[in-house]
């Protein structure tokens, strides 16, 4: 078995930290963000180097990593520019399911674990092929409160919604638009999804939405299903395949 080409890896992306574990690279991973919470029983052994938006740059450089994995959306450009002066840094850019699959493969090749990556991609692809087509449902997906925020086009969440025949009523907007409840009501979505992250929507928020959208079906959903790429896509798509059929 060949030794991985990089021995001191830091991940600044929660879902890609989990991917590194599932690629068999736990022993090479020396740093993670505090939002890197999976795999739950293993990740606590890895040192925390700050958050995704505020990593401790000096600490990271002092740790002398030989590879850093980041993401265009999750991490700040200015932080990446600093770190890339000291260490090789891969900046992933994932806005579709296809992007995610390509990145898993590319990361596998880069880090010397291409066969493990291939197996993960095959598992995800298989789950996508098992998905049954459903009658399209007009949908709003909320990610924040005060201000209310949703998802638009050019986002991974939007592409997952589309894949599961959930038509994003804010799909003509870009990225993560701020909206009012009046705007939400005017869209008359058949389904409103309140995500568990980044804002932790709870049961108490259903009534607030129901007041302005009395004819919509409103559900709390696991945000990881829609927003975590990497190996988490396996459990997410397993869950979504059955959840979507039950709507």
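The helices (runs of 4 or more DSSP H) found wholly in the range 202-247 and carrying at least 1 residues that are closer than 30 Å to residue 20 by Cα occupy 223-227, 232-246.
Among the residues in the range 125-141, are any surrounded by fewer than 21 Cβ atoms within 10 Å (Cβ to Cβ) and free of Cβ contacts under 8 Å to residues at least 12 places away in the same chain? Scanning the range 125-141 turns up at least one residue that is surrounded by fewer than 21 Cβ atoms within 10 Å (Cβ to Cβ) and free of Cβ contacts under 8 Å to residues at least 12 places away in the same chain. Within the range 148-156, identify whether any single residue is outside any strand (DSSP E or B), without any contact (Cβ under 8 Å) to a residue 24 or more places away in the chain and at negative phi, and answer yes or no. No, every residue in the range 148-156 fails to be outside any strand (DSSP E or B), without any contact (Cβ under 8 Å) to a residue 24 or more places away in the chain and at negative phi. If only residues of the range 199-220 that are under 22 Å from residue 74 (Cβ atoms) and in contact with a strand residue (DSSP E or B) (Cβ under 6 Å, 6 or more places away or on another chain) are counted, the one that is surrounded by the fewest Cβ atoms within 10 Å (Cβ to Cβ) is 199.
Among the residues of this structure, residue 223 does not count as one that is touching a residue at least 60 places away in the same chain (Cβ under 8 Å), surrounded by 18 or more Cβ atoms within 10 Å (Cβ to Cβ) and on the phi > 0 side of the Ramachandran plot.
Residues in the range 174-195 that are in contact with a strand residue (DSSP E or B) (Cβ under 7 Å, 6 or more places away or on another chain) and either modelled with pLDDT of 95 or more or crowded, with 21+ Cβ neighbours inside 10 Å (or both): 15 in all.
Here's the yes/no breakdown for (1) free of Cβ contacts under 8 Å to residues at least 40 places away in the same chain; (2) in the same structural domain as residue 165 (by TED's automatic domain parsing); (3) under 12 Å from residue 12 (Cα atoms):
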position	(1), (2), (3)
51	yes, no, yes
62	yes, no, no
67	no, no, yes
76	yes, no, yes
91	yes, no, yes
99	no, no, no
108	no, no, no
112	no, no, no
116	no, no, no
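Checking each residue in the range 83-106 for being over 30 Å from residue 129 (Cα atoms) and surrounded by fewer than 16 Cβ atoms within 10 Å (Cβ to Cβ) picks out 84, 85, 86, 88.
The values are calculated or read from the model by the stated rules, or taken from the named source; none is laboratory data. Values in this document were obtained by computation on a predicted structure and should not be read as measured data. So basically every Cβ, Gly included, is an ideal-geometry build from the backbone, and we count neighbours across all protein chains shown.
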